[in-house]
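The values are calculated or read from the model by the stated rules, or taken from the named source; none is laboratory data. Keep in mind it's a predicted model, so treat the numbers as computed, not measured. Cβ atoms come from the backbone with ideal geometry, glycine included; neighbour counts cover every protein chain shown. Ligands, DNA and RNA are excluded from the accessible area calculation, which covers all protein heavy atoms including side chains. Shrake-Rupley method; radii C 1.70, N 1.55, O 1.52, S 1.80 Å.
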Amino acid sequence: MLHTNLEFVKVVKVNLSGVAGFLYYITFDVRDAAAVDGGTMEFQACVWDGIAHTEVLISRLKTST
């Protein structure tokens, strides 16, 4: 499923680790602006915030467990 017009809704959870900068594990909700039902999807991201730059290491749709 390809989503091209996602809109941020809210942050669900953030975990932080200190590793030569900061490593953030972020869970957040988005909605597809083109969807009629208005439902949200939960995504996960891992972001490294270092001294010289910030980098998104991974961003994905959260799998159900």
message = Tell me yes or no: at least one residue of the stretch 49-56 is at positive phi, part of a loop (DSSP other than H, G, I, E, B) and in contact (Cβ under 8 Å) with a residue 12 or more places away in the chain.
response = no
query = In the stretch 26-65, what count of residues is obtained for those that are modelled with pLDDT of 90 or more, surrounded by 14 or more Cβ atoms within 10 Å (Cβ to Cβ) and acidic (D, E)?
reply = 2
key: Residue list for the stretch 27-65, filter: of a type in the set (D, E) and within 15 Å of V9 (Cβ to Cβ)   = D29, D32, D37, E42
task = Evaluate the stretch 36-43: report whether one residue or more is in contact with a Ser or Thr (Cβ under 6 Å, 6 or more places away or on another chain), in a strand (DSSP E or B) and among the charged types (D, E, K, R).
result = no
note = Within the stretch 2-25, restricting to residues that are at negative phi and in a loop (DSSP other than H, G, I, E, B), the one that is most open to solvent (accessible area, probe 1.4 Å) is L2
